[in-house]
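The block underneath contains the structure these notes are about, expressed in structure tokens.
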Amino acid sequence: MSAEVRAPHFVKSFEHGLAVIRSFDADHPTRTLSEVAHTCDLTRAAARRLLLTLADLGYVHQDGRLFRLTPRVLELGYSYLSSYTLPQIAEPHLEQLVAQVRESSSLCVLDGDDIVYVARVATRRIMTASITVGTRFPAYVTSVGRVILAHLPQTEAEVLLARAELRPLTARTRTAPDALRAELRRVRRQGYAVVDQELEEGLRSVAAPVRDRDGEVIAAANIAVHAGRTSVDSVRRDLLPPLLATVAGIEADLRMTKPVTNPGPAASPGSGTHRSSSSRRSPAPPA
């Protein structure tokens, strides 16, 4: 949100504090004061005040010149996840699926232009970057993302494709908007998505949509494999059927839960699912 359109209630210092937290990641688990200031476009004095405040609150630890996040930052996401029953419902099904196919499986939702992992059962490390609950990837280049995008209202999908940075992550990544639109139409027709080494070389995945009791797509589940070990044909033949059965089991359990009456950024405790504004039942994806 640009400064010109920010509402009077907008608290700039709070935005800066969140930016400082987000400046730490898997590639930068520790940072100096100067690095934080540069990454967040802050003065050294402002970055220092924010870091020391976060340290006083227990979210940041200082070791000489280096700062790092503490496990307490997990509290910020736990409130959401603990009230969000979908991962709790899905996880036992994912565990059974992983035991059956001996490959990793995850459940993801759409958040802005990204997909976010909200449940995951892993068998082995399959990617360069570690994937955990909370990991984000661009929606356009993932199987789970394409499944969800394929079921968005046409206008929402067009807006997302228009604003997303469609950059090639591998030599195989589809970045042409028309090619992505065609792929989304195919995904919607066939009911699943296969992504072959577009997110990372050597990684293949297959995903299927998860619908709530009203038939609206609220998430997607996937299976991810090494390309050298499993062909695309094998993914469709051997992994897609158990994935679809797992999704059916998740959906059956969701139908037993209390429906969401006031969808928002997080469902209230005891409610059925979280449903973002992007998960309404939709007409066909962009033509």
Q.
Step by step: find N for region 140-265, compute 2.2 N^0.38 Å, then divide the Cα radius of gyration by it. What's the final number?
A. 1.10
Q | Cα-based equivalent ellipsoid, region 18-93: semi-axes from gyration tensor eigenvalues, Å | A | 30, 12, 11
Q.
Could you check the spin-label model distance between Arg68 and Val232? Points 7 Å from the Cα along Cα→Cβ, value in nm.
A. 4.2 nm
Q. If you take the square roots of the eigenvalues of the alpha-carbon gyration tensor of region 144-211 and sort them as a ≥ b ≥ c, do you get rounded (a/c under 1.5), prolate (a/b over b/c) or oblate?
A. oblate
Q.
Counting only protein heavy atoms and a 1.4 Å probe, tell me what percentage of region 118-195's accessible area is made up of carbon and sulfur.
A. 49 percent
Q) Got a number for carbon plus sulfur as a percent of region 14-54's accessible area, 1.4 Å probe? A) 56 percent
Q | Neighbour-limited loop hits for GluC sites (Glu not before Pro), region 130-214 (at most 10 other Cβ within 10 Å; DSSP other than H, G, I, E, B) | A | Glu165
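The values are calculated or read from the model by the stated rules, or taken from the named source; none is laboratory data. Bear in mind the structure is a predicted one, so any value in this text is a computation, not a measurement. So basically every Cβ, Gly included, is an ideal-geometry build from the backbone, and we count neighbours across all protein chains shown. Surface accessibility is based on the protein's heavy atoms, side chains included, excluding ligands, DNA and RNA. Shrake-Rupley method; radii C 1.70, N 1.55, O 1.52, S 1.80 Å.
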